[in-house]
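One structure below.
The values are calculated or read from the model by the stated rules, or taken from the named source; none is laboratory data. These numbers were taken from a predicted model, which means no experiment stands behind them. Methodologically, a virtual Cβ is constructed for each residue, glycine included, from the backbone with ideal geometry; neighbour enumeration extends over all protein chains shown.
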Amino acid sequence: MSNQVRRDVFQAIADPTRRAIIALIALQAMTPNAIAEHFESSRQAVSKHLQILTECDLLRQEQRGREIYYQLEIDKMKEIDKWLNQFRKIWETRFNQLDEVLATIKSMGK
């Protein structure tokens, strides 16, 4: 009986190398070797990052002949964006309020 542990997507994207991999693959599907060329770490380290991103459903593999290509899973990225959007609205409201306070302070100083 296999107990597959699902990795947390936010822990996965917390790593700067994995974020860089996501940015690379967002432009085009790539093989593990092509991805590894962009990093100074070992091919095995890059493979581990790819495995984690795949387990989080951020990437998917596609077999093309003898090569495996990794591509971004757009629906999962939309899910992350949707979660972040709730905070984006709060931040924008607070920044707008701060702008109003600063404008008031500036006009009082004239």
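Let's see how each residue does on (1) in contact with a helix residue (DSSP H, G or I) (Cβ under 9 Å, 6 or more places away or on another chain); (2) in the same structural domain as P16 (by TED's automatic domain parsing); (3) farther than 18 Å from I13 by Cα:
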{"position": "M30", "(1), (2), (3)": "yes, yes, yes"}
{"position": "A34", "(1), (2), (3)": "yes, yes, yes"}
{"position": "L53", "(1), (2), (3)": "yes, yes, no"}
{"position": "D57", "(1), (2), (3)": "yes, yes, no"}
{"position": "R60", "(1), (2), (3)": "yes, yes, no"}
{"position": "F87", "(1), (2), (3)": "no, no, no"}
{"position": "E92", "(1), (2), (3)": "no, no, yes"}
{"position": "N96", "(1), (2), (3)": "no, no, yes"}
{"position": "S107", "(1), (2), (3)": "no, no, yes"}
Check: Within the range 50-71, is there a residue that is at positive phi, modelled with pLDDT of 90 or more and surrounded by fewer than 14 Cβ atoms within 10 Å (Cβ to Cβ)?
Finding: yes
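So, restricting to helices (runs of 4 or more DSSP H) that lie completely within the range 8-110, which ones have at least 2 residues that are within 11 Å of the chain's Cα centre (by Cα)? Walk me through it before giving the result.
Details: elements: 9-14, 16-27, 32-36, 43-55, 74-108.
Answer list for the range 8-110: 9-14, 16-27, 74-108.
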